[in-house]
Each structure stands twice: as C-alpha cells, then as structure tokens.
Amino acid sequence: SQKIEQNSEALNIQEGKTATLTCNYTNYSPAYLQWYRQDPGRGPVFLLLIRENEKEKRKERLKVTFDTTLKQSLFHITASQPADSATYLCALDSHGGSQGNLIFGKGTKLSVKP
Amino acid sequence: GAVVSQHPSWVICKSGTSVKIECRSLDFQATTMFWYRQFPKQSLMLMATSNEGSKATYEQGVEKDKFLINHASLTLSTLTVTSAHPEDSSFYICSAPHHPSGGTQYFGPGTRLTVL
C-alpha cells in the first residue's frame, strides 16, 4: 500500500540554525509533493509544491528538494526563528497529479529555541 | 489568498445526537471539497470527497450513512455526523482546491468535535 513517512516526530534546534525535515514515500510515483505547516488546533497552511521534474524549489527562507530515485523530499528552513515552531506535514496526491485528495505524513513538530 | 472557513470551530454534544459542520469557500467557487479527520498526534486522514451536484465519494472504512455530506452550492459543503459517539470525537478539517492558483488546496481552520 502507499505509504508516506516523516522520520522525525520532533526536531529541536537553536534559533538561526537550519532545520531539515525528511519525507519518504513507498509504493508510489507521485507527480508532485507538497509541504504544509500546521499550528496547534488549526488547519494546514500550504507552503510549497515541488513537481517530479524539479530537483529543488525555494521560497524565501524555505527550500524543498525532491529525489524521485530515493523517493525522498527534504524541507529546509534557513535562519530559523521561534515563530517557525510548528508541525510540518508532507503530502502526496493519491490520484497522481490531479491535485485532488491528499495523503499526509504524520508530521514533524519543529521547535526553535531562542 | 483564497480563504476557506468552517463553522463551528468547536462543538460539544451528547452521545446519540447529530452534529452538522459547514465548510465554505469565501472568495472562490469549489466544485469539489475534501473532508479530513485528524486524531491527536496523527496525520490527517481523508474521509470523503464532496462533489457539487452529485454524491460524495467515501474512502474505504468511512460509513456514508454515519457521515452525511451535502455539497449544497459551489461555495458550501456540510458534513453531518449522525448519532455521534465518543469515538467520533476528533478534529474535522475541510479543504478546497483553488484553481486560479493551480489547484493548490486551501484548508479550513478545523472543527473540534467532542462527544460526551
């Protein structure tokens, strides 16, 4: 069955450092992968989408890579700030590119200490 | 950016009662909306796809007679949890794809349901 895993349940880093979160998937060949931020008691907020033919994508302090050979995406936050503390979710479209219903990982809870 | 709202944001009900949750796309039309459920420290799990003008599509293991979905208009979908039980207590979140931005999904703020 299709599976998506975010290896770390929690990640604690110091302010100013780069946070790197990992997302792995199996039994699937997604057309693209998405990253979301979720704060406690709130719905997810879309951050970035990377397509299978894109190796890397950037948005301000965020960078996402996508390795379809390793079946892995890495999500980086550079110059991290306490305000970046949240749970970050990766997601795949289960219908392969229709941007329809999404399969989510469990998320990685990032804590940035001042 | 596109906005999706949910109402209510939280609800407490007695076991056996029914609860209706609304999901609205505020500044765009959505022929399709999605309903997810999230238990504590778990990932969002898709429950069903709500289709305007036709029946909802339910994921495996989700009882369609228990979770009634009505996509009444291009901006409104409702989820009714019928005969709620304590095990239905969860965080319910809807989303809608915003096609002007390439189909990116926008999520509502969620509804916390507690069944006593």
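Any read-out appearing in this document is the output of simple, stated calculations on the displayed coordinates, not a laboratory observation. Every value quoted in this text rests on a predicted model; they were computed, and no experiment measured them. Neighbour counts run over all protein chains shown; Cβ positions are idealised from the backbone, glycine included.
Cut-off is 10 Å between beta-carbons; in what order do B:ASP88, A:ASP39 appear when sorted fewest neighbours first? All intermediate terms of the calculation are to be shown ahead of the outcome.
Numbers: B:ASP88 19, A:ASP39 12.
So the residues, fewest neighbours to most, are A:ASP39, B:ASP88.
How about the range B:1-109: which GluC sites (Glu not before Pro) there lie in a loop by DSSP and see at most 10 other Cβ atoms within 10 Å? Write down the numbers at each step before the final one.
Working: sites: B:GLU22, B:GLU52, B:GLU59, B:GLU63, B:GLU87; in loops: B:GLU52, B:GLU59, B:GLU63.
Filter output for the range B:1-109: B:GLU63.
When each pair of different Cα atoms in the range A:1-55 is counted once in the 1/r mean, what is the Kirkwood radius in angstroms, to one decimal? It would help to have the intermediate numbers written out before the result.
Working: mean 1/r = 0.0740 Å⁻¹.
Hydrodynamic radius (Kirkwood, Cα only) of the range A:1-55 equals 13.5 Å.
Averaged over its residues, how many other protein chain Cβ atoms are within 10 Å of peptide B:28-41's Cβ atoms? Could the numbers behind the result be given before it?
Details: counts 0, 0, 0, 0, 4, 0, 3, 1, 5, 0, 5, 0, 0, 5.
That average works out to 2.
When the Cα atoms of the protein assembly as shown are enclosed in a convex hull and the volume is divided per residue, what value in Å³ results? The partial results should precede the final answer.
Working: hull volume 28.1 nm³, N = 230.
Once divided by residue count, the hull of the protein assembly as shown is 122 Å³.
Grab the other residues whose beta carbon is less than 15 angstrom from that of B:THR49, score K and R as +1, D and E as -1, and report the net.
Numbers: positive: B:ARG37, B:LYS55, B:LYS64; negative: A:ASP93, B:GLU52, B:GLU59.
It works out to a net charge of 0.
Rg to Rh for the range B:14-95: what is it, with Cα atoms only and Rh by Kirkwood? Could you put the intermediate results ahead of the total?
Details: Rg = 12.4 Å, Rh = 13.0 Å.
So for the range B:14-95, dividing Rg by the Kirkwood Rh gives 0.96.
Sticking with the crude label model, points 7 Å out along Cα→Cβ, report the distance from B:VAL3 to B:LYS66 in nm, one decimal please.
Between B:VAL3 and B:LYS66, the simple spin-label model gives 3.5 nm.
Suppose every Lys and Arg Cβ carries +1 and every Asp and Glu Cβ carries -1, with no other charges. What dipole size does chain B come out with about its Cα centre, to the nearest 20 debye? Before the final figure, lay out the partial values.
Numbers: 9 positive and 8 negative charges, 37 e Å.
Magnitude of the dipole: close to 180 debye.
Do any cysteines in chain B lack another Cys Cβ under 4.7 Å, and if so which?
Here B:CYS13 come out as lacking a disulfide-compatible partner, given the Cβ-Cβ threshold of under 4.7 Å.
What is the antiparallel percent of DSSP beta bridges lying wholly in chain A, to the nearest 5? Don't jump to the answer; show the numbers that get you there.
On the way: 37 of 42 bridges.
For chain A, the DSSP antiparallel bridge percentage is about 90.
Measure off 7 Å from each Cα along the Cα-to-Cβ vector at A:LEU48 and B:THR17, then give the distance between these two points in nanometres to one decimal.
Result: 4.5 nm between the two label points.
Neighbour counts of other C-beta atoms within 10 Å: give me A:VAL45, A:VAL112, B:VAL4 arranged from fewest to most. Spell out each step's value before the answer.
Details: A:VAL45 14, A:VAL112 20, B:VAL4 25.
So the ranking, lowest neighbour count to highest, is A:VAL45, A:VAL112, B:VAL4.
If you look at just the Cα atoms of chain A, how large are its Rg and its Dmax in Å?
13.4, 41
Give the value in nm², to one decimal: projected area of the alpha carbon convex hull of the range B:1-42, averaged over all directions. Intermediate results must be reported in sequence, preceding the final value.
Details: hull surface 18.1 nm².
Approximately 4.5 nm², given one-decimal rounding.
Sorting A:LYS106, A:LYS17 on the 10 Å Cβ count, fewest up front, what's the list? Present the calculation step by step, with values, prior to reporting the outcome.
Details: A:LYS106 16, A:LYS17 13.
Ascending Cβ contact count within 10 Å gives the list A:LYS17, A:LYS106.
With θ set to phi - 60° and the Karplus curve 6.51 cos²θ - 1.76 cosθ + 1.60, what are the ³J(HN,Hα) couplings of the range B:42-55 in order, to the nearest whole Hz, using x for Gly and Pro?
Those phi angles translate into 10, 7, 5, 10, 5, 9, 6, 10, 9, 10, 5, x, 8, 6 Hz.
Taking only Cα atoms and a 10 Å spring cutoff, compute GNM fluctuations for chain B and point out the largest among B:ILE93, B:ILE12, B:ILE21.
B:ILE12
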